[in-house]
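What follows is a single structure, written as structure tokens, with notes after it.
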Amino acid sequence: MAFFDPLSEKKLLRDVVATLAASMRKQDFLTYFKKLSIVEHTKDRIVYGVVSSFMRDNLEQKFSNEMYAATIACAPEITGITFVVDTMIENTTNTQVVDCQELYKQTTAKKKRTEIPGHEQVDGIVSRIMNEKYRLDNFVIGPSNQLAYAAADAVSRRPGASYNPLFIYGDVGLGKTHLLQAIGNGVRMRLKDKRVIYTTADRFLTDYVSHVKTRKVDRMREKYRAIDVLIIDDVQFLANKKQTQEELYNIFNILYEANKQIVLSWDRPPKELTELEPRLRSRFEWGIIVDIGVPDFETRLAILQEKARAKQFILAQEVAEFIAYNTGENVRELEGILNQLIAEYELHHTPPTIENVAVRLKKLAITDDLSGGHRAARPRIGGYKELVDAVAAHFGLDPELLIGENRKKEYMIPRQVAMYLLKNRMHYTYERIGNIFSGRNHSSVLYSCRKLEHILKKDQHLFYEVNVLRDRLGI
Ligand code: ADP
Ligand code: MG
């Protein structure tokens, strides 16, 4: 089959060689890898070209495993590789060749400059390299995360303009890092001149400590001053680290005053924010605090399908449903299972069926029930009445009037909030909500819910109120 796009072929080749160089002993790599080319690339095979039959035999015998591992790390669809002698490899016009020795020099030189693997320097500050697979367009939206998503989306479009700081909290494995990196990637993509730093709180701490050691804390502040978007993941790590919090507070103020965007994540409920210094905590409260909750069945199913699609793995609908139905709340766990199914498929060519998935889940002690029983739902508030009462109390209204037909303006939004929460958080049907609200019809409820969603995207204050209500109700 013909070559694919020559530019991407060359990139693939460079990636494979770089992966290889990073995983092998230096001496072996420099001895056995001189020049490498791609002679042929079909949908699942690559034929690599080498300089001589001696090299070919060596690679086949000694390094085919390494080479294969590096290949599938860069091109997961590949199932086999071979080596041939490429008579064109020394031809300087041949663009499909990578000089491994040269590349090795380049990659190690680069490493020395940034020093920390997986990180890069932005204006002298160490930033984690963001994973491009974390984007807003592949973040699956559901009732458990739509507010967090909406805020992340707004921030990535207009950093510093609204929701500043944005504080996202939620349990592990529910998508905080995904959203934070998606904000960073989104800003970098749209607003190329913005300087974005993504770091974790422990990295921030290390940075701080090293500046303290060299007595250059002022210098650290100076560097951060130049940042447009500062994203710090896993701030819980700073709990009880007083001095570092102090510094974060200083940097925070500098950035905030200059209308720079700050985004933070935290893996515990906000009431545990007491582990942070009151001054810092009150800064967080200037902006918006949103949570990511546990995804419901439909969201889990959509996430699973999205992940399978991204890995070009075909998962039968009934199998996907079975997994989403039976796995827990942690999205990472869901992904782990998918990865295992893919590995199994690659090894044994057994496509997942409900039966073999059930056996696998049972092994992982995720379900005992092979017939597909449902996990217990999380406790929620009792029923709609409690919700209507809470919304009415929050807005200082009479609950009877809230569900009634009063068309006064002050009832409109609270009524929409109540309907919206019943629909999105408690999963009532439009019909049922209509009945609760003095027999309104389905489409009028639908309209109200859509309308509110629309308003929430713009009205930061109301957004916050809805969050407060949700917190209070535990939904
Ligand atoms: P956290 O940082 O909250 O512990 P992560 O962001 O690392 O969680 O999420 C764990 C995994 O689940 C990631 O691979 C992420 O892409 C995935 N994930 C979580 N929520 C979603 C979602 N709504 N849509 C798509 N992927 C998700
Ligand atoms: Mg995380």
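Summary table
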{"read-out": "Every residue from the range 128-180 that is in contact with a Ser or Thr (Cβ under 6 Å, 6 or more places away or on another chain) and farther than 27 Å from G336 by Cα", "value": "A154"}
{"read-out": "Hits in the range 157-200 (condition: away from ligand 1 (no atom under 16 Å from the Cβ), in contact (Cβ under 8 Å) with a residue 12 or more places away in the chain and closer than 17 Å to F139 by Cα)", "value": "R157, V187"}
{"read-out": "Which numbered condition L255 misses (of (1) modelled with pLDDT under 90; (2) in a helix (DSSP H, G or I))", "value": "(1)"}
{"read-out": "Those residues of the range 307-338 which are of a type in the set (V, I, T), closer than 19 Å to E355 by Cα and under 20 Å from the mean Cα position of the chain (by Cα), in sequence order", "value": "T327, I337"}
{"read-out": "Test: residue in the range 172-189 that is more than 19 Å from L264 (Cβ to Cβ) and over 13 Å from the mean Cα position of the chain (by Cα)", "value": "yes"}
{"read-out": "Residues being more than 17 Å from H427 (Cβ to Cβ), away from ligand 2 (no atom under 16 Å from the Cβ) and buried (at least 20 other Cβ atoms within 10 Å of the Cβ) - total across the range 288-306", "value": "3"}
{"read-out": "Residues located in the range 420-429, provided they are buried (at least 20 other Cβ atoms within 10 Å of the Cβ) and more than 13 Å from L469 (Cα to Cα)", "value": "K423, N424, Y428"}
{"read-out": "Flag for A152 being modelled with pLDDT under 95, in contact with a helix residue (DSSP H, G or I) (Cβ under 6 Å, 6 or more places away or on another chain) and within 16 Å of ligand 2 (Cβ to nearest atom)", "value": "no"}
{"read-out": "Unmet criterion (only one of (1) surrounded by 17 or more Cβ atoms within 10 Å (Cβ to Cβ); (2) more than 16 Å from ligand 2 (Cβ to nearest atom)) for V331", "value": "(2)"}
{"read-out": "Scan of the range 238-252 for residues that are surrounded by fewer than 17 Cβ atoms within 10 Å (Cβ to Cβ) and either on the phi > 0 side of the Ramachandran plot or of a type in the set (S, T, N, Q) (or both), ordered by number", "value": "N240, Q243, N250"}
{"read-out": "Near pairs, Cβ below 6 angstrom, 6+ apart or cross-chain, from the range 245-270 (among the hydroxyl-bearing types (S, T, Y)) to any residue that is in a helix (DSSP H, G or I) and within 15 Å of ligand 1 (Cβ to nearest atom)", "value": "S265/K176; S265/L180"}
{"read-out": "Residues (part of a helix (DSSP H, G or I) and without any contact (Cβ under 8 Å) to a residue 60 or more places away in the chain) located in the range 389-411", "value": "D389, A392, A393, P399, E400, L401, L402, I403, K409, E410, Y411"}
{"read-out": "Residue that is nearest to ligand 2 (Cβ to nearest atom), among those in the range 155-181 that are among the basic types (K, R) and surrounded by fewer than 22 Cβ atoms within 10 Å (Cβ to Cβ)", "value": "R157"}
{"read-out": "Tally of residues being in a helix (DSSP H, G or I) and of a type in the set (S, T, N, Q) across the range 318-340", "value": "3"}
{"read-out": "Filter pass, E306 being among the charged types (D, E, K, R), touching a Lys or Arg at 6+ places or on another chain (Cβ under 6 Å) and part of a helix (DSSP H, G or I)", "value": "no"}
{"read-out": "Residue match in the range 371-381 (condition: surrounded by 13 or more Cβ atoms within 10 Å (Cβ to Cβ), over 31 Å from the mean Cα position of the chain (by Cα) and either farther than 28 Å from G170 by Cα or at pLDDT 85 or above (or both))", "value": "no"}
{"read-out": "Odd one out for L255, checked against (1) more than 16 Å from ligand 2 (Cβ to nearest atom); (2) surrounded by fewer than 21 Cβ atoms within 10 Å (Cβ to Cβ); (3) not assigned by TED's automatic domain parsing to the domain that holds T350", "value": "(2)"}
{"read-out": "Elements of type helices (runs of 4 or more DSSP H) contained in the range 423-475, each with 2 or more residues being basic (K, R) and closer than 17 Å to Y149 by Cα", "value": "442-458"}
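Condition check ((1) in the same structural domain as D153 (by TED's automatic domain parsing); (2) closer than 30 Å to A161 by Cα; (3) within 16 Å of ligand 1 (Cβ to nearest atom); (4) of a type in the set (K, R)) across all residues:
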| residue | (1), (2), (3), (4) |
| --- | --- |
| L280 | yes, yes, no, no |
| E285 | yes, yes, no, no |
| I288 | yes, yes, no, no |
| Q305 | no, no, yes, no |
| K311 | no, no, yes, yes |
| E318 | no, no, no, no |
| F322 | no, no, no, no |
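The values are calculated or read from the model by the stated rules, or taken from the named source; none is laboratory data. None of these values were measured; they are calculated from a predicted model. Here the Cβ is made from the backbone with ideal geometry for all residues, glycine too, and neighbour counts use every protein chain on show.
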